[in-house]
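> Sharing a structure with you now.
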Amino acid sequence: MPRSPEDPEQATSFERPRQRHSPGSPPPETGGSANEGVEATILVAPSSHGSGRPPPARDRAAPQPDGTRAALARFDLLEPLGQGAMGVVLLARDRDLGRKVAYKRLRGELGAKPDMVQRFLAEAQITAQLDHPNVVPLYSLEHEDAQQLGYAMKLVQGETLESLIRQARSTLESGRILPPRLQRETLLDHFLKICDAIAFAHSRGVIHRDLKPANIMVGHFHEVYVMDWGIARVLESSRVPGTDMAERVSCARSGVGAGMETADGIATTQCGSLLGTPKYMSPEQARGEIDQLDERSDLYSLGLILFELICLRPAFGGPDVGTLLDRIQRGQRQPVAAPSPRGSIPRELKAIVDKATQAEPTERYQSAADLAEDLRHHLRGEAVSALRDNPLQSTLRWIGHHRQRALNLFLATLLIGFLATGALWYRHTVELEKIHERQILTARYFDFASAQAQIIVKHFLFMLGLLEGLSVGAELALEDGKPAEGRYYTHEDFVTPGSGPKDLATSASLYRDRPISTDVPVVFFPQGVVPTETERKIRQLLPLKALFQRIILEAHDEQEVPPSGRKVRETLDRHDITVDWMGIALREGAMVGYPGLGGFSATYDPIARPWYRQAVLAQGGKVCGEPYVSASLSIFIMSCSVALYSNAGEFFGVAEIDLPLEKNVEKILLTPQLPLVRALLLNDQGQILVEARPDTIQGVDLPKERLRAYSNATIVEAIKAGHSGQQNVLDADRKLWVMYLHLRELKWTYVVELDEQGARHDAK
């Protein structure tokens, strides 16, 4: 019959079992020896009419309007819990003991059928005599009247194993992590308790014949009960009256498939010429060999339950009952596979399922205890009988279980090796001393390199601080700054004789004798930009001249309050330049830059430059990009830039400062404390941004060639992972010590290459 939460076979739920016995130990005493079969006590004596009905009840209660009686001699019947084809289950209160129980009675119209009465009595007697912690306890058998029979059993509160499997499958399908109660280890622990119950039943000569997840109840404290012994069979000669008759009873007297209610006709218990639930039948049970069934049929069903516990899906399926039964008879179940792509199933567990579900009974486990023992071996990490280990696997398994002994053997072997090679140790002492000396020396140079790396970080963070000051000033000016009045100078004025500012003069430093102005900034309009469209913004930025001058002075450790163009020119003429240009490019394309100069190409467009694009992508973050050739100075520079926004989030443009690589690298990459072959800055992909040798400094011209990766692949992988370290590298005919230090704040890596021979010489 179909199973549901209202099914009386499942309407019971749990309290903690009162007693348990350990796996492998004899079952608890139940009035006889452990090997004694279920007693064939005749619970119902046939009446004088031969009807087989129970004798009249001593106390008969009057029917209630809802069809239940208010009370029996001992129980108050409270409310229905569910019903099935043969019986109904009600919630009842035991007046004597003051506890609630589940009370199952035959459906009213079935009390007049002797065969159903005998079947009901057989179920009650088998359940009562299987006194095991994992079989639901039955308290008493009640004769209500001449045509009504019932029994009281433990009120169990829990859920079926079928429900747990369904919840686990749903959890995995939704991408969530399984809670402990749905994890495989917990479900396997429940399964072992099922095996214990079935092993006990088999020891008493009883086979269940309808084992399936829906007939297993699990409580909130991991109590496990095997339910629904309605079609169980007593083997050998000591049969309970009615068990054979149960095999001949048909729910609807219509053969295979009678009584099915589900859409697919597969999940329900079948009555008629077949007994059991098709998806959980053994091949011999599916062939209708009812009289030939023995304990091994239950073992096959246990194997199918184990399959479903680890795969979270039934082992058999089919579009209809006929196809399903044909697959079962042939033993054509689905392969064992993990329920999710990220999961896995140990090969030992697969082997246990395979052995338990062999089509030939003689090839299966021969007892539930054997199946449980193999599963316990697997859970303890031991070999299983279903899959023998090869020598290597046996060795590894032994080591895993005897770690201390394995460690002792290893140490003993190591000690013998030390004793046997003692003479060689002295010969290697000198070499070890050299290695120790090299380690001390490399550690020393690594400390020097680390200190230099901190200098690099501080230098660039200082430059980014200057950029931060420039961006704040530009945002305030564009937000609500007062526009400057009077004339401003465009890039064309700087190259037109007589049109430039008064202080326009050539510079002998980085500007390659080009005339510059330190008194006024330059205003640049690229082709296609109409000056009048950005007139107000340009004039709002012109008062930033003092900020431009202060940034130049601070970049070169100079101070003057207030700053002046004269002081800036003196600084640029006297110092190596570390900041040679800064500018503010508006989103419309116009730009204000300092120092003022001309000579821009006809196609120059600020918003097309790398420093503009990198700032837009950074969305407010300060970023220093790859080196490139300056369009105005024709030198390698590194631009650091940041996007500008209003308080309301409106994008204004980009502020940037240019750092000439040659002078900056001389300051930060090269140090006399390191006997350098070369020093490099790499980006987070291990590509060379700039490299410096004691005699030359090189940048990478992005418009002409792509960035090239550092030559050592191992070091590149370490750099991609953000690691720092040191490696010995053979380069041509010399040995190099390569030290790489991750600059986390800049997302760069500082790499120094030292000649080992030169380093040793310098150390002496």
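Any read-out appearing in this document is the output of simple, stated calculations on the displayed coordinates, not a laboratory observation. Remember, it's a predicted structure, so these values are computed and weren't measured experimentally. When we count neighbours, we look across all protein chains shown, and the Cβ atoms used for this are built from the backbone with ideal geometry, even at glycine.
> Order of 486-497, 434-445 by packing, highest average Cβ count within 10 Å first?
Packing order, densest peptide first, comes out as 486-497, 434-445.
> If we count every other residue with Cβ under 12 angstrom of Glu479's Cβ, Lys/Arg +1 and Asp/Glu -1, where does the sum land?
-1
> Over all directions, the average projected area of the alpha-carbon convex hull for the range 671-763 comes to how many nm²?
6.6
> Output the peptides 161-168, 201-208, 549-556 sorted from most to least packed, where packing is the average of other Cβ atoms within 10 Å over each peptide's residues.
Packing proxy ranking, top to bottom: 201-208, 549-556, 161-168.
> What FRET efficiency would be calculated for the residue pair Ala505, Lys747, taking the C-beta separation as r and a Förster radius of 56 Å, to the nearest 0.05?
Efficiency, from the Cβ-Cβ distance: 0.90.
> Tally Lys and Arg at +1 and Asp and Glu at -1 over the other residues with C-beta under 14 Å from the C-beta of Arg176: what net charge comes out?
Surrounding charge for Arg176 is +2.
> Relative to the present Cα-Cα distance, how much length would full extension add between Leu424 and Ser140 at 0.36 nm per residue of separation?
Between Leu424 and Ser140, full extension yields 93.8 nm more.
> Would you pull out the residues with amide H under 5 Å of Glu142's amide H, same chain only if 5 or more places away, H placed 1.01 Å from N?
Gly150, Tyr151, Ala152
> Kindly state, to the nearest 0.05, the FRET efficiency for Ile435 paired with Gln673, given R0 = 30 Å and r defined as their beta-carbon distance.
0.80
> Which order do peptides 128-139, 451-462 fall in by mean Cβ count within 10 Å, highest first?
128-139, 451-462
> Calculate the spin-label point distance for Ser170 paired with His761, positioning each point 7 Å from the Cα along the beta-carbon direction, and give it in nanometres.
Between His761 and Ser170, the simple spin-label model gives 7.8 nm.
> Which of the residue pairs Lys104/Lys355; Lys567/Lys667; Lys350/Lys720; Lys193/Lys350 have a Cα-Cα distance greater than 29 Å in the structure shown?
In this structure, Lys104/Lys355; Lys350/Lys720 lie more than 29 Å apart at Cα.
> Something else: Once phi is turned into ³J(HN,Hα) by the Karplus curve 6.51 cos²θ - 1.76 cosθ + 1.60 with θ = phi - 60°, what whole-Hz value does each residue of the range 546-557 show in order, with x for glycine and proline?
Working through the residues one at a time gives 4, 5, 4, 5, 5, 5, 4, 5, 5, 5, 10, 6 Hz.
> Quote the FRET efficiency, to the nearest 0.05, computed for Ala648 versus Arg708 with a Förster distance R0 of 45 Å and r equal to the Cβ-Cβ distance.
Once the sixth-power term is evaluated, E becomes 0.55.
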